[in-house]
Structures are given as C-alpha cells and as structure tokens.
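Heads up: the structure comes next, in structure tokens.
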Amino acid sequence: MMTTIGVLGAGQMGNGIAHVFAQYGFQVVLFDIARPQLEKALVIIRQNLERQAKKGALSAELVGETMGRITTTQDMNDLSSVDLAVEAVTEYEPLKLDIFRKLDGIVKAGAILASNTSSIPITKIASVTGRPDKVIGMHFMNPVPVMKLVEVIRGHATSDETFARIAKLVTHIEKEQAVSQDYPGFIVNRILIPMINEAVFALYEGIATAEDIDKGMKLGTNQPMGPLTLADFIGLDTVLAIANVLYDGYKDPKYRPCPLLVKMVNAGYMGRKSGRGFYTY
C-alpha cells in the first residue's frame, strides 16, 4: 500500500496534486528548486482547503491535518523513500527527461514514477530510467482539487501491475480515470488544443470578436467557458507548446499553430498569468 507521495514542482498543478493526496491521508513531500515557490504553494493549499471547509466539503479539523501531512524540500534526495513520485514541472521535454534520470537514481526500487505531462510521450520519459515498467502518465486537470478527471497514460513498457496500482489510487482520491494510449496529446489535449487553435484562427481571420467566439461556444455548445478564455486560463505559452507537440508528433498540417497564437506568445501575452492574452486581466 502506498503511504508517501513525492510531488515535483510546486506550481499551479503541483500544489493541487499535493493538496489532493494530503487531503486523502497520504504523507506528501513537495519538491521545488525555488523556496518562494514552495512557500507560495503552502499558502495556496491552505486557502483552497479553507474554501472547501467554508463550503462544507470538508471539516475545519481536516484543514490542519492535511497541512500537517505536507513537507517541502529543495533537495530531490528527500524523495528517496516515496512510494510514488509525480512530476509536475514545466512542459519542457529536456527538463522532464533530466528530472526522471535523476529521480530514477534517488527513489527506492519498486516505487512508481509518474508524469503529469499533458503531451510529452510517456514511453520517451520512461526510456531514460532503469524502470520503464514502473513509469506511467497521470495527467491531472486544472484546478486539481475541483476537477474529477485523471487521464492515465500507459507507456510502451508500463506493466499491468503499475497500471492496476495507479487505477486503485485514482479511485482512492475519488477521481475518475480515462485511459489513453501513448500518442501525442493523449485524449483531452488531442481534442481540446485543436479546438482552441481553431478559435484563434477564427479571430485571426476576422470571423468574429473574441467575445463573440467565446459566447458562441459557451452558449451554443454548453461549455463552462469559451475557448479563448480557456486559452488565457491555461496560458498561451502552454497552449502553443502542446500545439507544437501535436504538430511535430503527427506531422499533420491540421495541427499547425495559428500565427496569431505564435505572435502573442512572442509578445509576452501569456493570458491570465501575464495579465494580458485574448483579454486583459
């Protein structure tokens, strides 16, 4: 039985993953190279837990107990005894491969190594380790404490035992899993990113304003937010990075990123996080 989980990366996804595992009783070791990022993550986790408590989703006692199960570190060696390590760093392939190489030499034999990647092949990540049978994709959705889905991706060598253990874990934290084969974009981003890219093309070609594109998709297809608002929420740099993974992976022109998206990222308009994207924040 798993008891201790390591989370690598204390950003938006990492702090959400740490929050959920700690809430469901696991000891969590949260790693990041930046001390301020770790401190910020703890503040955000506490705020989110308190918000859940205020809504009656969990008891006030559980807020303190959950926070007590999270330890932070800037030293990857502190992950040596975890049963599962979940990597949630920037969507940049060389960085992820470097982390998995190091992790493989640190984490105990028998531990599972998972990546929260939204687009980079699990098979490729697994290939830099000495335990490809114990490497798997666990793609959580943002915001992690709220969203019910975990996309589980089996690499070419992922064992049935590893898959079964992760499937059981997903159920334990009261999430649903959707299982994908290891192809670029998996399920969600294979469908979502081309939709967002097409919305950017509609804007680029002057078909409608950003507001009307979003209104059309929101009210016409019952999506909770329009595709351009969603792009700003995800981060336009992330949307572009995933679009490039799809384009490079399938070599199919239908995945070509819209020139407007490329230009906006080059201009530093990353969406919500930079204060400017398709909308101003």
Could you tell me the relative contact order of the stretch 189-272? Use alpha-carbon pairs under 8 Å, at least six residues apart, and round to a whole percent.
33 percent
Using alpha carbon centroids, what distance separates the stretch 187-211 and the stretch 1-64, in Å?
33 Å
The chain, helix-only ellipticity at 222 nm - DSSP H runs n ≥ 4, -39,500 (n - 2.57), divided by all residues, nearest 500
-14500 deg cm²/dmol
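What order do you get for S59, S80 when you list them from fewest to most C-beta neighbours inside 10 Å?
Going from least to most buried by this count: S59, S80.
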Hey, quick one: spin label on R46, modelled 7 Å out along Cα-Cβ, who in the stretch 53-72 has an amide N within reach, i.e. under 17 Å?
53-54, 60-72
Along the principal axes of its C-alpha atoms, what lengths does the chain span, in descending order and rounded to whole Å?
55, 44, 32
When only C-alpha pairs under 8 Å and at least 6 residues apart count, what is the relative contact order of the stretch 4-181, in percent?
21 percent
In the chain, with Lys and Arg counted as +1 and Asp and Glu as -1 at Cβ, which of these residues, V63, T73, I173, has the Cα nearest the positive end of the dipole, that is, farthest along it?
V63
Fully extended contour minus Cα-Cα distance, from M141 to K54, at 0.36 nm per residue
29.0 nm
Residues whose built amide H sits under 5 Å from the amide H of E87, excluding neighbours closer than 5 in sequence, are L8, A114, S115, N116
Sorting H172, H139, H19 on the 10 Å Cβ count, fewest up front, what's the list?
H172, H139, H19
Evaluate 2.2 N^0.38 Å with N set to the residue count of the stretch 178-281, then give the Cα radius of gyration divided by it.
1.04
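FYI, it's all coordinate maths here, none of it is from the lab. It should be emphasised that the depicted structure is a prediction, and the values quoted were computed from it without experimental measurement. Every residue, glycine among them, receives a Cβ derived from its backbone with ideal geometry; neighbour counts consider all protein chains shown.
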